[in-house]
1. Quick one: grab the alpha carbon gyration tensor of segment 22-67, order the square roots of its eigenvalues as a ≥ b ≥ c, and give me rounded if a/c is under 1.5, else prolate or oblate depending on whether a/b is larger than b/c.
2. Determine the dipole magnitude for the chain: charges of +1 sit on the beta-carbon of Lys and Arg, -1 on that of Asp and Glu, nothing else is charged, the reference point is the Cα centre, and the result goes in debye to the nearest 20.
3. Using DSSP to define loop residues, name the chymotrypsin sites (Phe, Trp or Tyr not before Pro) in segment 37-77 whose beta-carbon has at most 14 other beta-carbon atoms within 10 Å.
4. Please give the net charge around Gly18, taking every other residue with its beta carbon less than 14 angstrom from that of Gly18, where Lys and Arg add +1 and Asp and Glu add -1.
5. Tally Lys and Arg at +1 and Asp and Glu at -1 over the other residues with C-beta under 12 Å from the C-beta of Ile60: what net charge comes out?
6. Describe numerically, in nm with one decimal, the distance between label points set 7 Å from Cα along Cα→Cβ at Ala61 and at Val10.
Amino acid sequence: MNPDAPILPVIYLDKCNGCGRCTAVCPAHALAVGKGKVRLLHTNCDYCGECEAACPNGAIACPFDVVWEIETTPTGSQ
């Protein structure tokens with residue numbers, strides 16, 4: 001896996017019925033429906049998972065957990 005590649009949801013077109021629920025909930029406007037299927041505008045996607053939760057057919061999966069680690073400085077360090 002390329003570490004510089006964006007982490008994106010997986011879209012199963014065979015399960016997509018083009019209902020548009022995913023596009024309605026996407027805060028990044030990273031999805032569009034065309035020709036009866038959803039497509040991902042990957043440059044906008046922030047991988048929030050709202051689309052996966054909204055899809056009634058399981059056509060969108062976010063198979064990775066994104067974990068942010070906050071680096072802390074020990075007390076007394078500069």
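1. Working: a/c = 1.83, a/b = 1.28, b/c = 1.43.
Oblate shape, in that a/c is at least 1.5 and b/c is the bigger or equal ratio.
2. Details: 5 positive and 8 negative charges, 121 e Å.
For the chain, the charge dipole is close to 580 debye.
3. On the way: sites: Tyr47, Phe64, Trp68; in loops: Tyr47, Phe64, Trp68.
Sites meeting the loop and neighbour criteria: Phe64, Trp68.
4. Working: positive: Lys15, Arg21, Lys35, Lys37, Arg39; negative: Asp14.
In short, +4.
5. Numbers: positive: Lys15, Arg21, Lys37, Arg39; negative: Glu50, Glu52.
Net charge around Ile60: +2.
6. Between Ala61 and Val10, the label points sit 0.3 nm apart.
We did not get these values from a lab; they are worked out from the coordinates using the rules stated. What you are looking at is a predicted structure, and each value in this text was computed from that prediction instead of being measured. Virtual Cβ from ideal backbone geometry, glycine too; neighbours counted across all protein chains shown.
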